[in-house]
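The values are calculated or read from the model by the stated rules, or taken from the named source; none is laboratory data. Since this is a predicted model, take the numbers as computed values, not measurements. Here the Cβ positions follow ideal geometry from the backbone for every residue, glycine too, while neighbour counts run over all protein chains shown. Side chains are part of the model used for accessible areas, which takes the heavy atoms of the whole protein and leaves out ligands, DNA and RNA. Shrake-Rupley method; radii C 1.70, N 1.55, O 1.52, S 1.80 Å.
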Amino acid sequence: MNGRDPSRPEPMHAASQTARDALLWLGIYLLAVTAPLFALLPGAVLPGRGFVWDFAMALGYAGMAMLGVQFVLTARFKRATAPFGIDIVYYFHRYLAVAALAIVLAHYALLRAHSPLALGPVDPREAEAHMTAGRVALGLFVLLVVSSLARRVLGFEYDLWRRVHAALSTVAFALAIWHLLGAANYLEGGWKQGLWAMYGAFWLGVIGYVRLLRPSRLARRPWRVVNVRPERGQVHTLTLEPDDHKGLQFAPGQFAWLTLRASPFAMREHPFSIASSAERSDRIELSIKALGDFTATIASVRPGEVAWVDAPYGNFGIDLRPEAAGYVFIVGGIGIAPALSMLRTLEDRSDRRPLWMFYGNRAWERVAFREELGRLAQILPLRLIHILQEPPVDWTGERGLIAEELFARHLPESRARLEYFICGPTPMTHVAEVALARLGVPAGRVHSEIFDWV
Amino acid sequence: MRREVRARWLAAATAVTVVALSALFAWLRNAPIGPAPEAASTTVVDSRVAAGLRAFEELGCATCHAIGGVGNRTRPLDGIGGRRDAAAIRAWALGIGEAQSRLPPSVMRVKARAADAAELPALVDYLTTLK
């Protein structure tokens, strides 16, 4: 495989296995959500209480289990997220939250309509404690979903939001477990109650793992900032070296969660693509553009500062398709970081396959890494096409935005056999996907990653 | 965004499956399988008890109350006949008298529906036998 050491661990799944693994994990998901429900069926002491009542109860249990799995989805378990790509898993988390909330609300609404008496008094002074716990949990879940979906509209700062989100969801989930065990429908008999108590404890254990165990593992593997280099276009490249450990094995195109100037327990991590060659595990580079509160502080980072790196993540990159006839990179702005990692890796592997790069930017002076890309184009069989929105007067290259006509002009006839990697702003990704489809490139050869998560 | 759309469909399909499985659970719980549990207890069930149990079921009492573990076990009515007389049981069943100060209006409204029910005497009669 182009000089790649076969003894090294393969951090990414081979494409053929991906679909199978994806199905497997989906099956595990459905089982995790509904199996506890069906475990309650056999030997039920009570007869059915009417379809509506039992349906409402089932929705309550299933909604609860879905909310529990939400913690696992964002726990970044590498094996479970690899076949989908972690960006998809975060989106799945977001949409499932809405679905789970709808299911839990339906649980409440059905009971309210069908048997309001069972809900008891609303006044917490008169109501049973577990019913109040259920009501409060429901309110918190609504608050969680609204504050997350409308975070930007509400101007909720990311770091603060993350911590509030984690705290609120843990409290809401614990209250919901209390409600479930207190209401105890179907839970007659110690073992069933024990089963659900264990189920709840398992989810709380996952929270403990994510918030305590994983950070403590990260804390044992510190990194040092050895260089901070300004690049064009308000980008800074951080060079990190492992502090007394072996470093990081990753695949080109993958990313890392970076924590700077905070403890790994502080939940102040931010995801960035790794820009350096995957052939070097003892030194990584992250190229970061000043776009928000955290990224604006990168320029003030000094060599010697400690950094924490949780990596590698992501299912995007050339090693996903190691047998490709050639690679095409369609890049906008800071989307260059993962593409640069792929090019640098190909250089280190002395790969001779043909490469194309479409790189869109506003102005020539702000094209990050344009000198290094020029150098790489000398060494690799790389055709580099810069596209500028505001080109200088003497510009003879491409101008405007990335468009179908541009691809048609620069890509070879055999373009349907190449593998495409798109990294850039969402509108550009969308345009590129549509254009490539119209040029006859099969959808399975077009890879993109969602950067805009929260 | 192809990937985003895929995530959305995946989530929607998952939610639909979960709801469908919940419905299946509810259906299985209410499907008539074999002889009804009541038939198993062949002890002499006098007609008073049978009528009372039917009333208990038809008036929806089991939503909030249980008798002998059947129904909502958070508010059992076992032994109620030993604690209250027929008049008090009737008043509680309809939400009048003492019940008025102890129950929320939403509960009172539902209880009031039983006022004209033909099953009410059978229910009260039966409950007084639970000592």
Helix A:51-73 sits off the longest principal axis of the Cα atoms of chain A, rounded to the nearest 10 on a 0 to 90 degree scale, by 40 degrees
Within the under-15-Å Cβ sphere about A:Ala325, not counting A:Ala325, Lys/Arg +1 and Asp/Glu -1 give a net charge of +3
Whole-Hz Karplus couplings 3J(HN,Hα) for region A:280-289, θ = phi - 60° and coefficients 6.51, -1.76, 1.60, Gly and Pro as x, run 10, 9, 9, 6, 10, 10, 10, 9, 10, 9
Summed over the other residues with a beta carbon less than 13 angstrom from that of A:Arg214, with K and R at +1 and D and E at -1, the charge totals +4
Of the residues A:Gly60, A:Phe71, A:Leu117, the Cα lying farthest along the dipole of region A:56-148 towards its positive end, which is defined by charges on the beta carbon of Lys, Arg, Asp and Glu, belongs to A:Phe71
Once all protein chains are kept in place, B:Lys111 shows an accessible area at probe 1.4 Å, nearest 10 Å², of 30 Å²
Amide H neighbours of A:Ser448 at under 5 Å, excluding residues fewer than 5 places away on the same chain, with H built from the backbone geometry, are A:Ile422
Of A:Val145, A:Val52, A:Val225, ordered by accessible area with the largest first and a 1.4 Å probe, the sequence is A:Val52, A:Val145, A:Val225
If every Lys and Arg gets +1 and every Asp and Glu gets -1 at its Cβ, then about the Cα centre region A:316-403 yields a dipole, in debye to the nearest 20, of 120 debye
If unit charges are put on Cβ atoms (+1 for Lys and Arg, -1 for Asp and Glu) and the dipole of chain A is taken about its Cα centre, the option from A:Trp191, A:Met428, A:Ile274 lying farthest towards the positive end turns out to be A:Trp191
Farthest towards the positive end of the dipole of the protein assembly as shown, among A:Ala97, A:Ala127, A:Leu26 and with Cβ unit charges of +1 on Lys and Arg and -1 on Asp and Glu, lies the Cα of A:Ala127
Result for region A:150-252: accessible area per residue, probe 1.4 angstrom, in square angstrom, of 48 Å²
The distance between the Cα centres of region A:410-450 and region A:209-244, in whole Å, is 32 Å
Partner lysines whose C-alpha sits under 25 Å from that of B:Lys131, ignoring same-chain residues fewer than 8 away, are B:Lys111
Those GluC sites (Glu not before Pro) from region A:323-405 that are DSSP loop and have at most 13 other Cβ neighbours within 10 Å turn out to be A:Glu323
Here, trypsin sites (Lys or Arg not before Pro) of region A:355-409 satisfying both criteria (DSSP loop; at most 16 other Cβ within 10 Å) are A:Arg362
Interface A-B: total buried accessible area (1.4 Å probe, Å², nearest 100) of 4200 Å²
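Counting Lys and Arg as +1 and Asp and Glu as -1, each charge on the Cβ, what is the dipole of the protein assembly as shown about the Cα centre in debye, to the nearest 20?
Values: 64 positive and 51 negative charges, 69 e Å.
Dipole magnitude for the protein assembly as shown comes out near 340 debye.
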Counting as exposed only chymotrypsin sites (Phe, Trp or Tyr not before Pro) in DSSP loop states with no more than 14 other Cβ atoms inside 10 Å, the longest exposed-site-free span of chain A is A:1-394
Other residues with Cβ under 11 Å from the Cβ of A:Pro264 give, with Lys and Arg +1 and Asp and Glu -1, a net charge of +4
